[in-house]
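Undergrad: One structure coming up, written as structure tokens, with questions to follow.
The values are calculated or read from the model by the stated rules, or taken from the named source; none is laboratory data. Bear in mind that the values here come from a model prediction, so they are computed numbers and not experimental data. Note: ideal-geometry Cβ built from the backbone for every residue, glycine included; neighbour counts use all protein chains shown. What goes into the accessible areas is simple: the full protein's heavy atoms, side chains included, and nothing from ligands, DNA or RNA. Shrake-Rupley method; radii C 1.70, N 1.55, O 1.52, S 1.80 Å.
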Amino acid sequence: MTAELPLCIEELLTTTRCVRRGLDVDRAVDPELVKDCLRTALQAPNGNNRQNWRWILLTEPRLRADVAEVYRAAFYDRNAAALERLAELPEAERSVLTAARALADRLHRVPILLIPCLELAEGRLPVGNQAGLWASLLPAAWSYALAARSRGLVTAWTAVHLDREHEVADLLGLPPTVRQGALLPTAYPLRRTFRPGPRLPLEQVLHLDGWQGG
């Protein structure tokens with residue numbers, strides 16, 4: 001058997017997907033492999049090099065099940081109306097919602113749950129634009145997803161549980177100064193190949209030299 005070739009940069013960047021249904025929930029993931037991915041992710045940029053990111057790695061089945069239960073409640077609260085008229089939705093929306101429901105229903109079986117967090121000096125999010133704040137965490141979280149993909153793992157970027165962030169914080173014993181930024185279920189994939197996702201043409205989203213430009 002020939003060795004699998006590593007992904008080129010272009011393929012890595014265009015085929016790292018949010019994998020909801022294609023997670024192999026029956027195959028264990030070595031936490032040490034996840035830590036290797038995080039060591040790569042910690043090279044991401046962050047404001048003033050404060051490195052106030054914190055990473056909650058969940059491997060213990062009971063904890064994963066408890067977090068998954070909160071996630072499911074948040075998911076069904078958020079999507080109750082859409083799920084009632086699922087058959088009426090456009091095909092693309094129906095496909096995404098069905099996949100999201102599949103993830104919610106079996107999140108407790110995903111072998112690794114990773115929650116990227118920020119530790120704030122006062123524990124309060126600032127009023128107004130928070131782009132600079134989260135820019136000190138989210139690039140590293142995406143770097144983790146890329147690093148995982150390069151090592152044969154896949155992730156599903158989601159933040160549904162943040163509708164009940166305090167419940168998850170209580171489950172995990174997080175201090176009030178720590179705020180969660182996302183949830184990254186991590187597993188081996190059920191399939192080996194991924195394609196770029198559907199995106200609008202650049203010309204529809206690019207503005208040159210101001211909003212009216214281009």
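Undergrad: Can you find, within the range 167-214, the residue that is most open to solvent (accessible area, probe 1.4 Å) among those that are among the polar types (S, T, N, Q) and closer than 26 Å to A147 by Cα?
TA: T193
Undergrad: May I pose another question? Do you know which residues across the range 128-186 are of a type in the set (G, A, S) and over 23 Å from L103 (Cβ atoms)?
TA: Scanning the range 128-186 gives G128, A131, G132, A135, S136, G173.
Undergrad: Sticking with this structure for a sec: Do any helices (runs of 4 or more DSSP H) lying entirely in the range 1-99 carry at least 3 residues that are open to solvent by less than 60 Å² (accessible area, probe 1.4 Å) and under 19 Å from P116 (Cα atoms), and which ones are they?
TA: Counting at least 3 such residues, we get 31-41, 61-84.
Undergrad: Sticking with this one: Exactly one condition in (1) more than 26 Å from L146 (Cα to Cα); (2) in contact (Cβ under 8 Å) with a residue 60 or more places away in the chain is not met by L86; state its number.
TA: Condition not satisfied by L86: (2).
Undergrad: Let me ask something else. Can you tell me which residue among L118, L103, L114 is assigned to a helix (DSSP H, G or I) and surrounded by 15 or more Cβ atoms within 10 Å (Cβ to Cβ)?
TA: Selected residue: L103, the only one of L118, L103, L114 that is assigned to a helix (DSSP H, G or I) and surrounded by 15 or more Cβ atoms within 10 Å (Cβ to Cβ).
Undergrad: Which count do you get for residues in the range 133-155 that are open to solvent by 30 Å² or more (accessible area, probe 1.4 Å) and either within 15 Å of Q51 (Cβ to Cβ) or among the hydroxyl-bearing types (S, T, Y) (or both)?
TA: Looking only at that region, the number is 7.
Undergrad: Determine whether the range 105-118 contains at least one residue that is among the acidic types (D, E) and in contact with a strand residue (DSSP E or B) (Cβ under 7 Å, 6 or more places away or on another chain).
TA: No; the residues of the range 105-118 include none that is among the acidic types (D, E) and in contact with a strand residue (DSSP E or B) (Cβ under 7 Å, 6 or more places away or on another chain).
Undergrad: Sticking with this structure for a sec: State whether one or more residues within the range 33-42 are modelled with pLDDT of 95 or more, farther than 30 Å from Q130 by Cα and either within 16 Å of the chain's Cα centre (by Cα) or not hydroxyl-bearing (S, T, Y) (or both).
TA: Checking the range 33-42: at least one residue is modelled with pLDDT of 95 or more, farther than 30 Å from Q130 by Cα and either within 16 Å of the chain's Cα centre (by Cα) or not hydroxyl-bearing (S, T, Y) (or both).
Undergrad: Among the residues of the range 169-200 satisfying the criterion of being charged (D, E, K, R) and assigned to a loop (DSSP other than H, G, I, E, B), which is modelled with the lowest pLDDT?
TA: Among residues in the range 169-200 that are charged (D, E, K, R) and assigned to a loop (DSSP other than H, G, I, E, B), the one modelled with the lowest pLDDT is R192.
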